[in-house]
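Scroll down for the structure; my scribbles are underneath it.
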Amino acid sequence: MKKWYKLDNAAKLFPSVTNTKNTSVYRISAVLTNPVDVDALQQAADTVFDRFPMFTVKLRRGVFWNYLESSTDKIVIAEDQQYPCRNIDPTTNNGYLFKVLYYKNRVSVEVFHALTDGNGAVEFLKSLLYYYLMYMGHEIDTEDRILLADSGVDIHDMEDAFRRYYKDCYVESVRNSRAYHIKGTAFEQFGNNVVHGVVSASQLNALAKQKGSTITAYLSALLSYSIYQTRIKYSKSNAPVVIAVPVNLRKAFPSRTLRNFFGVVNLGARITEDTTLDELIFRMNEMLKYKTGKENLQNIIYNNVALERNKATLFVPLFLKNWFVNLGFHMLGESKRTLTLSNIGNIMLPQQMYKHVELIEALVYPSNKSPMNCGISSVNDKLVITFTRNIVESDILQYFFSTLAGEAGLEVKIYSNDWGISE
Amino acid sequence: MTKCIRCNVTVDNQHYRCPLCSKPLKIRGESTTEYPSYKEIYQETKPFTVAKLFLFLTISAIVLSITINALTYHINPRIWSIIVSTGLIYAWIVVKDTILSNKHIGRKILYHYVMLSIFLLVIDIFVGFRGWSTNYAIPLFGVAATFIMTVLAIVQKSLWRHDIGYILAMFFINLCPMLLFVFNLSHVIWTSVFSIVYSLLTIIGMIIFSDRKFISEIRRRFHY
């Protein structure tokens with residue numbers, strides 16, 4: 001009999017709000033030092049199969065909830081041909097909600113968010129790369145940093161940590177105003193353009209430290225400032241710029257789950273002519289520190305789970321739930337954020353793997369209301385800032401990267417997938 | 001590696017132009033971070049497809065029938081264009097959702113049942129409501145749809161895996177003719193009773209002829 005899993009709390013959202021323009025598909029890629037060998041990669045995918053049963057599932061519709069049903073079909077790797085973060089067609093790839101793609105030196109994992117968050121996808125990618133390198137004939141000591149295929153599935157990998165850390169508590173709710181939204185011209189053919197900027201992680205960290213801030217807060221502030229300088233400054237809008245930052249809840253609430261376990265905190269600021277970048281960095285850092293405090297994160301878990309636990313929601317049929325969830329997502333989520341900045345952090349690999357991995361990239365799917373999103377990841381002291389966008393205008397990222405290179409004095413290396421840019 | 005002087009950044013060899021400001025750059029070469037070329041995908045969207053043609057023809061026919069109906073209303077004071085339009089929309093569903101799509105057969109049957117019910121109800125209303133659609137057609141179509149679904153499920157031996165959702169949906173739909181009766185839209189009771197009894201027997205049959213899989217499937221669908 002086939003095993004099945006309930007969707008975790010965060011995952012319940014995604015099937016309801018997903019469409020071709022808001023795909024809920026993110027991508028984590030590794031750029032290797034050598035071109036990818038297809039056979040070895042397929043072999044690696046076959047090997048990791050058993051270790052990640054929560055990934056090898058298909059989405060099924062129930063009467064009151066969706067659920068995931070396990071499958072024994074193979075993971076089929078494919079050459080990367082489409083633009084990144086495209087919606088995953090469930091009639092391809094044996095109905096799986098994730099893809100393993102390769103192109104030249106790049107191995108990418110694209111994941112439908114209902115399966116897992118960035119943390120889970122990174123674990124999967126790490127295991128995949130480990131076995132890939134092993135099949136390529138490299139000896140690697142795992143140093144306990146890799147989930148091995150023969151280590152057996154841990155029951156804790158599959159827990160819905162939201163439920164475990166749910167606690168009834170008093171929550172203060174504040175009505176926030178609508179955030180500023182970036183507007184732009186759609187590409188002639190719908191798709192996502194990606195621009196990556198590579199900087200030195202240690203230099204950027206030193207720079208952030210010098211301003212008394214963390215990398216995430218520093219970049220959030222710089223990004224808000226870029227949006228103000230290129231857009232809001234010359235418009236009549238006085239809406240706040242709000243950067244939504246997904247937070248890995250595993251750090252505050254120890255869980256080894258490979259499923260979703262993240263919360264989103266909003267860093268907002270009403271920027272005016274008098275606001276300086278330094279001031280903004282300070283404010284963003286204070287806000288991030290406060291909002292990622294344990295008590296606030298506990299509130300996030302409470303808010304997310306309370307609705308799901310409500311006895312009344314239990315008996316609302318799925319199609320009505322989809323409708324309400326979609327409405328709530330747009331009114332309370334999408335309209336209150338300008339863009340998402342997701343920092344998946346420094347990826348820790350076994351020492352011997354570093355020389356094979358040049359870069360790790362994190363691509364956050366854009367949507368209608370936030371046509372541009374940002375993903376940050378680092379490995380080997382190389383930090384990649386990735387903008388994924390579905391609009392032509394590149395003014396904000398130009399300002400952002402130029403400031404990072406000019407005033408901050410970092411060396412920034414740029415490359416892109418050139419989607420929608422005719423040569 | 002080339003420096004884009006305008007943006008103050010280094011641009012990777014793979015680019016002819018700066019990805020930030022489109023300024024042309026001199027050198028181009030291989031790079032480890034290169035993406036595939038998307039040229040083929042750009043050509044992928046076809047302006048002309050069979051589905052688009054049928055959509056256009058359907059809309060044209062609807063607009064034309066409404067226009068003719070409006071212009072000749074003084075000769076024939078009936079709103080017959082509504083019937084024609086509903087029929088055309090139904091024909092569109094047949095082409096798009098049944099012939100051109102590869103959706104689950106249960107879903108197709110469900111769509112046909114719903115659309116056909118609406119179509120017949122519209123005809124009934126616009127030729128002077130006599131109630132033959134609510135009295136007979138809708139409840140009996142429900143029974144027929146459930147029957148086809150059950151037969152398909154048995155023939156394909158997929159009763160407990162893929163079709164159960166649709167059979168359950170048909171069960172609830174077959175309860176609806178009773179509502180028609182309650183709201184005085186239907187005056188013949190035996191058809192409503194027949195549809196309820198028939199779907200009840202289908203469910204009972206499913207339970208009796210089921211194995212453990214059935215219970216587990218129900219548990220997933222309802223999440224208890």
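The values are calculated or read from the model by the stated rules, or taken from the named source; none is laboratory data. Fair warning: this is a prediction, and the values are worked out from it, not measured in the lab. Cβ atoms come from the backbone with ideal geometry, glycine included; neighbour counts cover every protein chain shown. For the accessible areas, the whole protein counts, side chains as well, though only heavy atoms, and no ligand, DNA or RNA atoms are used. Shrake-Rupley method; radii C 1.70, N 1.55, O 1.52, S 1.80 Å.
Could you tell me how many of the residues in the stretch B:19-30 are in contact (Cβ under 8 Å) with a residue 12 or more places away in the chain and more than 7 Å from chain A (Cβ to nearest Cβ)?
We begin by selecting, within the stretch B:19-30, every residue in contact (Cβ under 8 Å) with a residue 12 or more places away in the chain; these are B:20-21, B:23, B:25-30.
Those left that are additionally more than 7 Å from chain A (Cβ to nearest Cβ): B:23, B:25-30.
Total meeting the criteria: 7.
Checking the condition open to solvent by 20 Å² or more (accessible area, probe 1.4 Å), within 21 Å of the chain's Cα centre (by Cα) and without any contact (Cβ under 8 Å) to a residue 40 or more places away in the chain, which residue from A:Lys99, A:Lys74 passes? Please lay out each step first, then the result.
Details: A:Lys74 fails: within 21 Å of the chain's Cα centre (by Cα).
None of the others qualify; the one that does is A:Lys99.
So for the stretch B:168-189 (the condition being more than 26 Å from B:Asp124 (Cα to Cα) and either in contact (Cβ under 8 Å) with a residue 60 or more places away in the chain or in the same structural domain as B:Tyr136 (by the TED database) (or both)), does at least one residue qualify? Walk me through it before giving the result.
Step one: of the stretch B:168-189, the residues more than 26 Å from B:Asp124 (Cα to Cα) are B:168.
Now restrict to residues that are either in contact (Cβ under 8 Å) with a residue 60 or more places away in the chain or in the same structural domain as B:Tyr136 (by the TED database) (or both): B:168.
Yes, the conditions are met somewhere in the stretch B:168-189.
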Might you check whether a residue that is of a type outside the set (Asp, Glu), in a strand (DSSP E or B) and either open to solvent by 20 Å² or more (accessible area, probe 1.4 Å) or farther than 30 Å from A:Ser416 by Cβ (or both) occurs anywhere in the stretch A:188-206?
yes
Subset of the stretch B:177-224 (residues that are open to solvent by 70 Å² or more (accessible area, probe 1.4 Å), more than 14 Å from every other protein chain (Cβ to nearest Cβ) and either modelled with pLDDT under 75 or not in a helix (DSSP H, G or I) (or both)):
B:Phe183, B:Asn184, B:Leu185, B:His187, B:Phe209
Pull out all pairs, ordered by first then second residue, where Cβ-Cβ is under 6 Å, the residues are six or more apart or on different chains, the first lies in the stretch A:246-270 and is among the basic types (Lys, Arg), and the second is open to solvent by less than 20 Å² (accessible area, probe 1.4 Å).
A:Arg250/A:Phe261; A:Arg259/A:Asp8; A:Arg259/A:Met54; A:Arg259/A:Thr116; A:Arg270/A:Pro240
Please verify whether B:Phe126 is surrounded by fewer than 17 Cβ atoms within 10 Å (Cβ to Cβ) and either under 20 Å from the mean Cα position of the chain (by Cα) or closer than 17 Å to B:Val84 by Cα (or both), treating the condition exactly as stated.
yes
Return the residues of the stretch A:377-394 that are open to solvent by 50 Å² or more (accessible area, probe 1.4 Å) and in contact (Cβ under 8 Å) with a residue 40 or more places away in the chain; say none if nothing qualifies.
A:Asp381, A:Lys382, A:Val392, A:Glu393
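Test A:Leu258 against the criterion of being surrounded by 20 or more Cβ atoms within 10 Å (Cβ to Cβ) and either small (Gly, Ala, Ser) or not in a loop (DSSP other than H, G, I, E, B) (or both), and give yes or no. Outline the logic, then answer.
Working: surrounded by 20 or more Cβ atoms within 10 Å (Cβ to Cβ): yes; either small (Gly, Ala, Ser) or not in a loop (DSSP other than H, G, I, E, B) (or both): no.
No; evaluated as a whole, the condition is false for this residue.
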Which of the residues belonging to the stretch A:102-131 are open to solvent by 10 Å² or more (accessible area, probe 1.4 Å) and among the hydroxyl-bearing types (Ser, Thr, Tyr)?
A:Tyr102, A:Tyr103, A:Tyr130, A:Tyr131
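Can you pull out the residues in the stretch A:351-361 that are outside any loop (DSSP other than H, G, I, E, B) and either of a type in the set (D, E, K, R) or more than 24 Å from A:Met134 (Cα to Cα) (or both)? Don't jump to the end; show me each part of the working.
Going through the stretch A:351-361, the residues outside any loop (DSSP other than H, G, I, E, B) turn out to be A:351-354, A:357-361.
Residues satisfying the conditions are A:Glu358, A:Glu361.
Does the stretch A:274-295 hold any residues that are polar (S, T, N, Q) and open to solvent by 40 Å² or more (accessible area, probe 1.4 Å), and which are they?
To start, the set of residues in the stretch A:274-295 that are polar (S, T, N, Q) comprises A:275-276, A:285, A:292.
Answer for the stretch A:274-295, where residues must be polar (S, T, N, Q) and open to solvent by 40 Å² or more (accessible area, probe 1.4 Å): A:Thr276, A:Thr292.
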Determine whether B:Asn13 is under 24 Å from A:Leu359 (Cβ atoms), more than 8 Å from chain A (Cβ to nearest Cβ) and either of a type in the set (Asp, Glu) or surrounded by fewer than 18 Cβ atoms within 10 Å (Cβ to Cβ) (or both).
yes
Do any strands (runs of 3 or more DSSP E) lying entirely in the stretch A:363-423 carry at least 1 residues that are within 10 Å of chain B (Cβ to nearest Cβ), and which ones are they?
A:382-389, A:413-416
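Tell me, which residue of the stretch B:32-46 that is facing another protein chain (nearest Cβ under 7 Å) and open to solvent by 20 Å² or more (accessible area, probe 1.4 Å) is farthest from A:Tyr102 (Cα to Cα)? Steps first, please.
Filtering the stretch B:32-46 down to residues facing another protein chain (nearest Cβ under 7 Å) leaves B:32-36, B:38, B:41-42, B:45.
Now drop any that are not open to solvent by 20 Å² or more (accessible area, probe 1.4 Å), which leaves B:32, B:34, B:42, B:45.
Numbers: B:Thr32: 12, B:Glu34: 11, B:Tyr42: 21, B:Thr45: 24 Å.
So the residue we want is B:Thr45.
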Residue satisfying condition, being within 14 Å of chain B (Cβ to nearest Cβ), touching a residue at least 60 places away in the same chain (Cβ under 8 Å) and open to solvent by less than 30 Å² (accessible area, probe 1.4 Å), within set A:Leu41, A:Leu32
A:Leu32
Across the stretch A:86-96, what is the number of residues that are touching a residue at least 12 places away in the same chain (Cβ under 8 Å) and either open to solvent by 20 Å² or more (accessible area, probe 1.4 Å) or at positive phi (or both)?
7
Name the residues in the stretch B:78-100 that are farther than 17 Å from B:Ser60 by Cβ and charged (D, E, K, R), would you?
B:Arg78, B:Asp97
Considering the stretch B:100-117 alone, what residues qualify as being assigned to a helix (DSSP H, G or I) and of a type in the set (A, V, I, L, M, F, W, C)?
B:Ile105, B:Ile109, B:Leu110, B:Val114, B:Met115, B:Leu116
Taking the stretch A:304-328 and keeping only residues that are within 22 Å of A:Asn248 (Cα to Cα) and at pLDDT 85 or above, one is left with A:Val305
